[in-house]
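This report refers to the structure that appears directly beneath it.
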Amino acid sequence: MELDFERCYRAVDSRDQRFDGWFYTGVTSTGIYCRPSCPAITPKRRNVRFFPSAAAAQGAGLRACRRCRPDAAPGSPQWDVRADVVGRAMRLIADGVVDRDGVPGLAARLGYTQRHLHRMLRAELGAGPLALARAQRAQTARTLIETTGLGLAEVAFAAGFGSVRQFNDTVRQVYGTVPSQLRTGRGGPPTPGGAGTITLRLAYRPPLHAAALLEFLAARTLPGLDEVHDGTYRRGLRLPHGPAEVALTPTTGYVVATLRLADLRDLAPAVARCRRLFDLDADPEAVDQTLAADPALAGAVAAEPGVRVPRAVDGFEMALRAVVGQQVSLPAARTTLIRLLTHASAPTRPDLDSGDQEVCVTESASLRREPLDHRAEAGGSGGEPGGGGWGVWGFPGAEEVLGLPDAAFGMPAARRETIRALARAVAAGEVDLEPGSDRAETVRRLTALPGIGPWTAGYLAMRALGDPDVLLPTDLAVRRGAAALGLPATPTTLDTYADRWRPWRSYAAIRLWRAA
């Protein structure tokens with residue numbers, strides 16, 4: 001990927017946070033690489049190189065800056081929204097596919113040979129899939145070293161390394177020190193080995209309209225699955241190696257994420273899904289600049305900058321929610337989903353509550369340690385504040401939904417059969433609702449299923465697949481919002497008018513929903 005030197009250097013000289021994650025600054029005289037916003041003295045031009053990824057900087061022999069923590073920067077919005085192979089590959093790597101299935105598994109998911117995939121990633125990102133996954137493993141390892149009392153050998157395998165030697169060599173190359181020094185420098189004694197609670201800060205590009213995110217999610221919470229309480233969103237997850245619970249609290253500059261994991265190998269996938277849910281890798285200034293150019297939206301953008309698209313942690317869950325919500329009110333859909341969840345079995349809850357300690361990792365690498373008070377922090381048993389545990393679970397999978405009796409659905413027979421057809425397609429691998437899927441092909445396969453039309457497929461493309469350019473012109477709330485703002489309110493005229501909002505029509509749809 002070509003990086004314009006002058007533009008990048010101006011961003012570095014002004015310490016512009018908007019470019020964090022877009023590119024990385026390598027300083028050849030010191031042998032380190034930084035974020036564009038690093039507070040250190042601006043390096044001389046002759047000593048600077050720019051890289052499209054942290055893995056490319058590491059491949060050039062540079063180590064991560066200990067001051068600005070470039071490995072904790074927001075992800076590139078380019079790879080977050082792009083629908084091509086490279087964007088899909090980056091989302092799958094972030095979700096841990098290479099760690100679980102290797103490069104052959106990644107290539108198979110994308111439908112390309114390993115050699116061709118390597119060529120494409122090298123051309124765009126300056127690093128192949130193994131180097132990109134290795135950079136992510138290093139970041140995961142650092143988090144585990146600094147926030148848990150696990151032995152270093154346990155950290156190595158939990159982070160996805162194949163051997164302790166590989167782990168040691170990678171940490172030494174990426175961070176310029178040995179793993180034990182990372183732990184020594186964090187301050188305070190380590191937490192007891194095996195504790196399953198990790199708290200970290202998820203960076204984002206400001207502004208972030210947290211209230212809009214939490215309001216949207218609060219209106220759709222389901223008892224036993226998720227809740228919003230005191231500015232924190234909590235929910236259960238089903239991850240590749242077991243269940244988990246997560247609490248996300250938006251604050252200025254970052255989102256505090258407290259994760260309780262049954263298996264620490266799921267740290268990277270859990271973080272990727274949390275970032276996806278809150279749309280933390282978006283570039284809100286680019287979005288708002290486009291939408292504010294329309295006088296009809298300019299006022300809303302000025303009043304509420306940084307509105308994001310609430311995404312999904314589970315594609316099948318979002319698909320089932322969308323089908324249940326067809327042509328019914330939000331409360332009615334919620335009642336139906338609660339009935340379905342009541343019939344679905346919950347996974348065995350891991351014992352994550354004994355002896356947990358909480359350590360907060362800041363982006364400046366300063367640390368604080370404090371006990372985790374479950375009564376104050378956990379949000380209550382069964383979703384009620386003040387209890388002894390969160391009591392939230394992940395959504396049932398496609399196979400489990402297929403095994404539910406007719407009485408679990410509480411809906412017309414035709415819609416029930418649509419859900420079962422969808423579940424069969426997902427279980428058989430015929431429909432891929434995960435972030436690395438081919439969006440156009442997934443929409444085509446969805447609309448081929450009985451009972452799924454353009455609205456449902458578009459809604460899933462927006463929220464499950466992360467397509468930034470979906471409008472849903474037939475949606476009643478979208479049309480009401482358009483009318484409230486003085487815009488055309490019929491589907492055809494609104495669809496034509498919305499061309500001026502490309503490529504951010506999904507964000508425009510969220511603003512129209514809010515206007516309604």
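The values are calculated or read from the model by the stated rules, or taken from the named source; none is laboratory data. The model shown is predicted, which means the values in this text are computed figures rather than measured ones. Counting neighbours? That spans all protein chains shown, and the Cβs are built from the backbone with ideal geometry, glycine included. What goes into the accessible areas is simple: the full protein's heavy atoms, side chains included, and nothing from ligands, DNA or RNA. Shrake-Rupley method; radii C 1.70, N 1.55, O 1.52, S 1.80 Å.
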Fill in the blank from the handout: Trp22: passes all of (1) at pLDDT below 95; (2) farther than 25 Å from Pro129 by Cα but (2)
Practice task
Could you please give the count of residues in region 465-474 that are surrounded by 21 or more Cβ atoms within 10 Å (Cβ to Cβ) and of a type in the set (D, E, K, R)?
Solution key: 1
Problem - Subset of region 314-323 [part of a helix (DSSP H, G or I) and either open to solvent by 20 Å² or more (accessible area, probe 1.4 Å) or at pLDDT below 95 (or both)] - result: Arg321
Practice task
Return yes when Glu417 is free of Cβ contacts under 8 Å to residues at least 12 places away in the same chain and not in a loop (DSSP other than H, G, I, E, B) and no when it is not.
Solution key: no
Fill in the blank from the handout: Of the candidates Ala489, Ala477, Ala484, Ala515, the one satisfying the condition of being among the hydrophobic types (A, V, I, L, M, F, W, C), open to solvent by 50 Å² or more (accessible area, probe 1.4 Å) and more than 26 Å from Met90 (Cα to Cα) is Ala484
Exercise for the section: Residues being open to solvent by 30 Å² or more (accessible area, probe 1.4 Å), of a type in the set (D, E, K, R) and either under 15 Å from Pro77 (Cα atoms) or touching a residue at least 12 places away in the same chain (Cβ under 8 Å) (or both): count how many of those fall in region 1-37. Expected result: 3
Exercise for the section: Mind telling me which of the residues Leu130, Leu152 ends up being modelled with pLDDT of 90 or more and within 18 Å of Gly96 (Cβ to Cβ)? Expected result: Leu130
Practice task
Within region 227-270, track down each residue that is aromatic (Phe, Trp, Tyr) and touching a residue at least 60 places away in the same chain (Cβ under 8 Å).
Solution key: Tyr254
Exercise for the section: Quick one: Ala296 ticks every box in (1) at pLDDT 95 or above; (2) buried (at least 22 other Cβ atoms within 10 Å of the Cβ) except a single one, so which number is it? Expected result: (2)
Problem - Hits in region 324-337 (condition: in contact (Cβ under 8 Å) with a residue 12 or more places away in the chain and open to solvent by 40 Å² or more (accessible area, probe 1.4 Å)) - result: Leu330, Arg334, Thr335
Exercise for the section: Could you please find all residues in region 66-106 being more than 18 Å from the chain's Cα centre (by Cα), part of a loop (DSSP other than H, G, I, E, B) and surrounded by 23 or more Cβ atoms within 10 Å (Cβ to Cβ)? Expected result: Cys68
Fill in the blank from the handout: For Val431, the lone unmet condition from (1) assigned to a loop (DSSP other than H, G, I, E, B); (2) open to solvent by less than 40 Å² (accessible area, probe 1.4 Å); (3) more than 30 Å from Val85 (Cα to Cα); (4) at pLDDT 95 or above is (3)
Exercise for the section: Taking Arg273 as the residue in question, decide whether it is assigned to a helix (DSSP H, G or I) and of a type in the set (D, E, K, R). Expected result: yes
Practice task
Taking Arg424 as the residue in question, decide whether it is under 25 Å from Pro269 (Cα atoms), open to solvent by 40 Å² or more (accessible area, probe 1.4 Å), touching an Asp or Glu at 6+ places or on another chain (Cβ under 9 Å) and not in a loop (DSSP other than H, G, I, E, B).
Solution key: yes
Practice task
Return the residue satisfying two criteria in turn: it lies in region 434-464 and is part of a helix (DSSP H, G or I), touching a residue at least 12 places away in the same chain (Cβ under 8 Å) and charged (D, E, K, R), and of such residues it is surrounded by the fewest Cβ atoms within 10 Å (Cβ to Cβ).
Solution key: Arg445
Exercise for the section: Could you list, in sequence order, all residues of region 88-132 that are under 20 Å from Phe50 (Cα atoms), out of contact with any strand residue (DSSP E or B) (no Cβ under 8 Å at 6 or more places or on another chain) and not charged (D, E, K, R)? Expected result: Met90, Met120, Leu121, Ala123, Leu125, Ala127, Gly128, Pro129, Ala131, Leu132
Handout entry: Odd one out for Val309, checked against (1) open to solvent by less than 30 Å² (accessible area, probe 1.4 Å); (2) more than 16 Å from Ala398 (Cα to Cα); (3) of a type in the set (A, V, I, L, M, F, W, C); (4) out of contact with any Ser or Thr (no Cβ under 9 Å at 6 or more places or on another chain)
Key = (4)
Completion exercise
Flagged in region 277-293 as of a type in the set (A, V, I, L, M, F, W, C), part of a helix (DSSP H, G or I) and either in contact (Cβ under 8 Å) with a residue 40 or more places away in the chain or crowded, with 22+ Cβ neighbours inside 10 Å (or both), in numbering order, are Leu277, Ala286, Val287, Leu291
Exercise for the section: Specify which of the listed residues (Leu237, Leu144) is open to solvent by less than 10 Å² (accessible area, probe 1.4 Å), assigned to a helix (DSSP H, G or I) and not hydroxyl-bearing (Ser, Thr, Tyr). Expected result: Leu144
Problem - Residue list for region 259-270, restricted to those being open to solvent by 20 Å² or more (accessible area, probe 1.4 Å) and not in a helix (DSSP H, G or I) - result: Ala262, Asp263
Handout entry: Residues (out of contact with any Asp or Glu (no Cβ under 8 Å at 6 or more places or on another chain), outside any helix (DSSP H, G or I), within 22 Å of Val323 (Cα to Cα) and of a type in the set (A, V, I, L, M, F, W, C)) located in region 465-515
Key = Leu465, Val470, Leu472
